[in-house]
1. Have a look at Ala66, Ala60 and point out the one that is within 16 Å of the ligand (Cβ to nearest atom), within 17 Å of the chain's Cα centre (by Cα) and outside any loop (DSSP other than H, G, I, E, B).
2. Any chance you could count how many residues in region 189-248 are of a type in the set (Asp, Glu) and either in a loop (DSSP other than H, G, I, E, B) or closer than 11 Å to His150 by Cα (or both)?
3. Which one is farthest from Asp176 (Cα to Cα), of the residues in region 13-32 that are in a helix (DSSP H, G or I), at pLDDT 95 or above and away from the ligand (no atom under 16 Å from the Cβ)?
4. Collect the residues in region 12-45 that are under 12 Å from the mean Cα position of the chain (by Cα) and touching a residue at least 60 places away in the same chain (Cβ under 8 Å), keeping them in residue-number order.
5. Every residue in region 33-57 that is part of a loop (DSSP other than H, G, I, E, B), away from the ligand (no atom under 11 Å from the Cβ) and either of a type in the set (Ser, Thr, Tyr) or closer than 11 Å to Thr87 by Cα (or both), please.
Amino acid sequence: MNILLLADIHANVAALEAVLRDAESRPFDAVWCLGDVVGYGPDPNESVERLRGLYPKMVAGNHDWAVLERLSVADFNPDAQSACIWTRHELDPPGAEYLQELPQVLSEGDFTLVHGSPRAPIWEYMLGPSTAQANFAHFDTRFCLVGHTHSAIIFRCCANPDSEGEQSEVIIPQVDAPIALGRERMIINPGSVGQPRDGDPRASYALIDLQEGILEYHRVPYPIELTQKKMEARGFPHGLIVRLSMGW
Ligand code: ZN
């Protein structure tokens, strides 16, 4: 069974379509999504609709909650606030209902799915090894899948040679290079479909082969200018538009 792993689509349907086309050639049997389907981008309804049709296992992200007014926009920077308020007006009731039903945490076999972290699923950013290490105590499965930082990264829990305890090792995954899901516990971030922030503007996703125990990262180009034109037409902040070209 092959799992297509997506995170942080952020209402960028051109990026989502490019990922689905690329992944279909591999192919996949099921979709797991780590939240933030909406926010930042110009296509909230199209993105929710397209994703729903794939019947994904999915958790809620902070932008999903903010659009539903379960979080205050005061927690966001001005550009994110502006996109969130626009999305609140734009999102159709069926899309809002769908987002409303999303859980904060899901468990699928050896995997725990959250948006931010197992310790604080909606908000915590898993940016470095010390945060990761603290979070290994907060899930029971072998692997935890996270999004939220928009960067492809893996934290592997391993023995600390200087003490009796454990430490987290950072792995920056290479594109198209299979990674074995071994016995060591890992926190895995597939990167962002709709707003990558690791300097590479191409949409990011991962595939998990459950049978073989293999994880593989992929990047795929998409028509960024198409998304940007829609953002301009909808009067989005300039900063949100240009950052897509820079992968930041
Ligand atoms: Zn996000």
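1. On the way: Ala60 fails: outside any loop (DSSP other than H, G, I, E, B).
Among Ala66, Ala60, only Ala66 is within 16 Å of the ligand (Cβ to nearest atom), within 17 Å of the chain's Cα centre (by Cα) and outside any loop (DSSP other than H, G, I, E, B).
2. Residues meeting the conditions: 3.
3. The initial filter retains those residues of region 13-32 that are in a helix (DSSP H, G or I), namely 13-24.
Checking the rest, the ones that are also at pLDDT 95 or above come to 13-23.
Add one more test, that the residue is away from the ligand (no atom under 16 Å from the Cβ), and what stays is 14, 17-18, 20-23.
Details: Ala14: 22, Glu17: 19, Ala18: 16, Leu20: 16, Arg21: 16, Asp22: 12, Ala23: 12 Å.
In this case the residue turns out to be Ala14.
4. Leu16, Trp32, Leu34, Gly35, Asp36, Val37, Val38
5. Those that are part of a loop (DSSP other than H, G, I, E, B), away from the ligand (no atom under 11 Å from the Cβ) and either of a type in the set (Ser, Thr, Tyr) or closer than 11 Å to Thr87 by Cα (or both): Pro42, Asp43, Tyr55.
The values are calculated or read from the model by the stated rules, or taken from the named source; none is laboratory data. Quick caveat, the model's predicted, so the values are computed rather than measured. Note: ideal-geometry Cβ built from the backbone for every residue, glycine included; neighbour counts use all protein chains shown.
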